[in-house]
Amino acid sequence: KVVYIYLKQLEEAEVVVINKMETISEADLNHLIDRLDSEYPGKKVMAISAREGTGLESWLRHIQASEPLSETAMDVDYELYAEGEALLGWLNATVELKSTAAFNGNEWIKDIALKLQQQLKSNSAEVAHLKMTLSPNKGLDDIAVINLVRNDFIPELSQELPEDITEGQVIINLRAEANPTLLKQAVIEAIQQMETDHPQVKGTLDHVEHFRPGKPEPTYRLSEAVDS
C-alpha cells in the first residue's frame, strides 16, 4: 500500500529525477532509466548526483525552461491511498543541546542517528525518511545534516560543522512504518542513550509532534485537467 503511493507519485510527476547516481553502476543506472521510460512513457527521466554536482545544471535548466503540462487527472483509489498513508507514522521533534565542554557535533548527530536507527530496527519499524539537523546556538551559521532513507543503509552526513560546539538545536523529521507513539518512544530512548555515552552533553526534548496523516477527502475529483 505504501508502494501504491510511491507509484502514484511517479505517475503524477512530469520529471523523474534519479539522485545518488554515483552509488550504482552505469549498467544498473541505464537499466533503471530504461525501466522508468518503459513504465512511464513521455516523462523526462534524469540522473543526478547532488553530492558530486553531476547533472544538476541540466536539471535546473530543464526546470527553468519547461512549462507545466496539462494532463488528464490521475485515477486514484483513495481508500487504498489512505490505507498506505495510515501505515506511516510521522514525527517532528526539537532537541536542545547544552554541554559542559566543547564537543564534536558531527559525531554526536551521527551517533544519535545510529541509535535511533537501531531502536526502530529492533521494533521492526521500516524507515521511509529520517533527516536530522544540528544548528549551533552561537558563533556559527553552518549546520550539520544527516539523512537515512532505509533501515539497511548507514546514516549519511551530507553537511558538517567546521568546528566543535557547546550548545545547539537538533531538529528531527522522521517517517516510518510504525505507530507514531513508537517513534516518539524511540527518540526518547535514543536521547537517553546519548546521555549515557556522552555525559557532558545534555539533550532536552523541547518539542515533539507525532501523528498519522488523515484520510484524503477531496472536495472535487477532476476527470481531466482544465486550462485556466
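Annotations
- Restricting region 85-97 to residues that are under 16 Å from residue 207 (Cβ atoms) and not hydroxyl-bearing (Ser, Thr, Tyr), the residue that is surrounded by the most Cβ atoms within 10 Å (Cβ to Cβ): 97
- Filter pass, residue 39 being charged (D, E, K, R), in the same structural domain as residue 124 (by TED's automatic domain parsing) and over 19 Å from the mean Cα position of the chain (by Cα): no
- From 100, 166, 133, residue being in contact with a Ser or Thr (Cβ under 6 Å, 6 or more places away or on another chain) and either in the same structural domain as residue 207 (by TED's automatic domain parsing) or not hydroxyl-bearing (Ser, Thr, Tyr) (or both): 166
Listed here are the residues, each with its yes/no results for (1) touching a Pro at 6+ places or on another chain (Cβ under 7 Å); (2) surrounded by fewer than 20 Cβ atoms within 10 Å (Cβ to Cβ); (3) among the acidic types (Asp, Glu); (4) in a helix (DSSP H, G or I).
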{"residue": "83", "(1), (2), (3), (4)": "no, yes, yes, yes"}
{"residue": "99", "(1), (2), (3), (4)": "no, yes, no, no"}
{"residue": "109", "(1), (2), (3), (4)": "no, no, no, yes"}
{"residue": "129", "(1), (2), (3), (4)": "no, yes, no, no"}
{"residue": "135", "(1), (2), (3), (4)": "no, yes, no, no"}
{"residue": "145", "(1), (2), (3), (4)": "no, yes, no, no"}
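- Being over 18 Å from the mean Cα position of the chain (by Cα) and modelled with pLDDT of 95 or more holds for only one residue in 118, 200, and it is 200.
- Here residue 95 passes the criteria (1) within 22 Å of residue 142 (Cβ to Cβ); (2) assigned to a helix (DSSP H, G or I); (3) not acidic (Asp, Glu) except the one numbered (2).
The values are calculated or read from the model by the stated rules, or taken from the named source; none is laboratory data. Not measured: the values here are computed from a predicted model. Every residue, glycine as well, gets a Cβ built from its backbone with ideal geometry; the counts of neighbours run over all protein chains shown.
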